[in-house]
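Inspection log for the structure reproduced underneath, given as structure tokens.
The values are calculated or read from the model by the stated rules, or taken from the named source; none is laboratory data. Keep in mind that what you see is a predicted model, and the values were worked out from it rather than measured. Methodologically, a virtual Cβ is constructed for each residue, glycine included, from the backbone with ideal geometry; neighbour enumeration extends over all protein chains shown.
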Amino acid sequence: MNEIASLELKDVSKSFVGVNALKGVSLRVFPGQVLCLLGDNGAGKSTLIKVLSGVHQPTSGELWVNGKQHSFSGPHEALEAGIATVHQTGGTVPLMSVGRNFFLGEEPTKGRGVFRRYDRRTAEELALRELRALGITNVTDGGALVGGMSGGERQALSIARAMYFGAKVLILDEPTAALGVKEASKVLHLIVQAQMRGVAVVFITHNVQHALLVGDHFAVLIRGSKADEWAKGERTREQVLDLMAGGEAMGDLEEELRVIRGGGSLPTTREEVN
Ligand SMILES: Nc1ncnc2c1ncn2[C@@H]1O[C@H](COP(=O)(O)OP(=O)(O)O)[C@@H](O)[C@H]1O
Ligand SMILES: [Mg+2]
């Protein structure tokens, strides 16, 4: 592919005192592509997002945005480069209205002017219009408090806001983890809509089903290293599940459960299943 990556990590490592959270990770995501980042708890997913969104500086390695090398000294700089990150809670303020939330926070620069001369009616109308454009029709009052919205609606609001302010890269940290089936499917719809608008999406999840539904490209982190990477269709669901669980550990667990069912006892020491 000779297209320029929206976002690229080259051999990025990040160490904290006593922990190498990321070890030589290289990743690329292109416009209109969904990159799914899979990995168990502690694998380094959040650390990776924090490097991408300017919260952490890598210990070594390079970060490239749209063909240019960048070094972010804070989240603001990442936003200015068009990288919007939506955290699990949606990053919304419960005690503020839909309209306020839409224009609040650290959006890319286009929004500053609007924010400076806050116009409640325009803000609420715009927020509702953008939500409707994404198919979110059950939010009808721009003045309603976000605290009364569902988890999926809050995610939608944050995604709509990021797109409205011109995000080129949308990073979603476990957006479906706390949601029920219906709500999660709404968020998956939004991911596809962002993709169709040419946004590069980095979708962090440990839900293999959700990843396989929307992903074009996949990467698995295990203990800070990229353990595998593939394009859509190159792995079966079973292979992915096995990889995420750590194939050997699952084999051990299967054997242990078989022993228990057969009335036997477990060996006294065993490797932690993880
Ligand atoms: N600020 C930090 N200081 C020290 N260790 C950290 C810090 N952030 C993360 N870690 C460690 O880095 C590893 C990866 O963590 P994290 O990126 O949160 O994983 P994940 O999001 O995949 O669950 C863990 O061992 C975690 O304890
Ligand atoms: Mg995490």
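Among the numbered conditions (1) under 14 Å from the mean Cα position of the chain (by Cα); (2) closer than 16 Å to L35 by Cβ; (3) not in a loop (DSSP other than H, G, I, E, B), the only one that L213 does not meet is (1).
Entry remark, region 1-54: residues being among the charged types (D, E, K, R), surrounded by 15 or more Cβ atoms within 10 Å (Cβ to Cβ) and away from ligand 1 (no atom under 16 Å from the Cβ) number 3 in total. Kindly check whether there is at least one residue in region 59-69 that is touching a strand residue (DSSP E or B) at 6+ places or on another chain (Cβ under 7 Å), among the aliphatic types (A, V, I, L, M) and more than 13 Å from ligand 2 (Cβ to nearest atom). Yes, that holds for at least one residue. Taken together, V34, V51 contain a single residue that is within 13 Å of I171 (Cα to Cα) and either of a type in the set (G, A, S) or more than 15 Å from ligand 2 (Cβ to nearest atom) (or both), which is V34. Considering the conditions (1) over 25 Å from P75 (Cα atoms); (2) in the same structural domain as I49 (by TED's automatic domain parsing); (3) of a type in the set (V, I, T), V259 is excluded by exactly one of them, (2).
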